[in-house]
Amino acid sequence: MELNIKGASKGQILKKLFLSTLYLSAFTFGGGYVIVTLMKTKFVDQYHWIDEEEMLDLVAIAQSCPGAIAVNGAIVVGYKLAGLTGVLCSVIATVIPPFVILTAISFCYAAFRSNLFVGWMLKGMQSGVGAVIMEVSWGMASGIVREKQYLSIIIMVAAFIANYFYKVSAIVLILICIALGVVLTLYREKKAKKTTVILPRIMHRKEAPYDLFTAFSQFSSDRCLQLRRRLCCHASDPQSGGPAPFMAFPV
């Protein structure tokens, strides 16, 4: 059931946030990237609480902070939706399922470790996890391509090549991307301020050609009127050999 976050009370938001995060954490296998993927599906595509660009920013923050990415993702999403109370609610909901499951498994770890069927089940989960991560990566990357953010596309491709082919540390890539993001943001803000200052001047300059055209049109009209009057006078003068007065052009 979709909940309109703008018209809902904080209690309703916290309840929905807790149940959604608890559900995602309970059925997520394969690491924190999978829960981030499912958060995007749940909060962006289904509930429309967050738009896709904000989700990309939240994922970047979660990856940049130390700690488990699942908890970091729950923190940033919870804070976005309900402030500090939302952080506490989403973190508790994220931690409860793995805590309970791992506590239960710890009592019979030896049996699980040597069980052939459990091993097959985990390998099957790995395949599904890979497909889920690929799907959300493709969706987010295609959004950047559709918006024609060429610089972001170049950074994305360069980061992939550096990490996959040249084995550059993800920490180094994250720090470089943070620095590039800060520089680009400052540049865009500075450019926006210049545009705001220059735009009134350009609009003022556009008035000059309009005034000049008006003056020229008025001058041409006056000259035509004078010429018509002279022709009329010349035509009505008998000594000039012109036609009779009634043949003159009307003024």
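The values are calculated or read from the model by the stated rules, or taken from the named source; none is laboratory data. Note that the structure is predicted; figures quoted are calculated from it, not measured. Neighbour counts run over all protein chains shown; Cβ positions are idealised from the backbone, glycine included.
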Please indicate, with yes or no, whether at least one residue in segment 185-200 is surrounded by 11 or more Cβ atoms within 10 Å (Cβ to Cβ), assigned to a helix (DSSP H, G or I) and modelled with pLDDT of 60 or more. no
Filter segment 171-184 down to residues that are over 20 Å from the mean Cα position of the chain (by Cα) and farther than 17 Å from Ala141 by Cβ and give me whichever is modelled with the lowest pLDDT. Ile171
Going by the conditions given, is Met125 touching a residue at least 24 places away in the same chain (Cβ under 8 Å), surrounded by 11 or more Cβ atoms within 10 Å (Cβ to Cβ) and over 27 Å from Glu54 (Cα atoms)? yes
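A quick yes/no check of all residues on (1) at pLDDT 80 or above; (2) of a type in the set (Lys, Arg):
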| position | (1), (2) |
| --- | --- |
| Gly31 | no, no |
| Val36 | no, no |
| Lys40 | yes, yes |
| Gly73 | yes, no |
| Gly86 | yes, no |
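Which members of segment 145-157 meet the condition of being hydrophobic (A, V, I, L, M, F, W, C), free of Cβ contacts under 8 Å to residues at least 24 places away in the same chain and surrounded by 15 or more Cβ atoms within 10 Å (Cβ to Cβ)? First the steps, then the outcome.
Kept after step one, since they are hydrophobic (A, V, I, L, M, F, W, C), are these residues of segment 145-157: 145, 151, 153-157.
If we keep only those that are free of Cβ contacts under 8 Å to residues at least 24 places away in the same chain too, we end up with 145, 153-154, 156-157.
Matches in segment 145-157: Met156 only.
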May I ask you to list pairs of residues, at least six apart or on different chains, whose Cβ atoms are under 7 Å apart, with the first in segment 69-96 being touching a residue at least 60 places away in the same chain (Cβ under 8 Å) and farther than 15 Å from Ile13 by Cα and the second being of a type outside the set (Ser, Thr, Tyr) and crowded, with 23+ Cβ neighbours inside 10 Å? Thr94/Ala70; Thr94/Ala74
Looking at segment 227-243, can you tell me whether even one residue there is in contact with a helix residue (DSSP H, G or I) (Cβ under 8 Å, 6 or more places away or on another chain), modelled with pLDDT under 85 and not in a helix (DSSP H, G or I)? yes
Looking at segment 104-111, is at least one residue of a type in the set (A, V, I, L, M) and within 29 Å of Lys10 (Cα to Cα)? no
Matching residues, segment 138-152, being at pLDDT 80 or above and on the phi < 0 side of the Ramachandran plot: Trp138, Ala141, Ser142, Ile144, Val145, Arg146, Glu147, Gln149, Tyr150, Leu151, Ser152
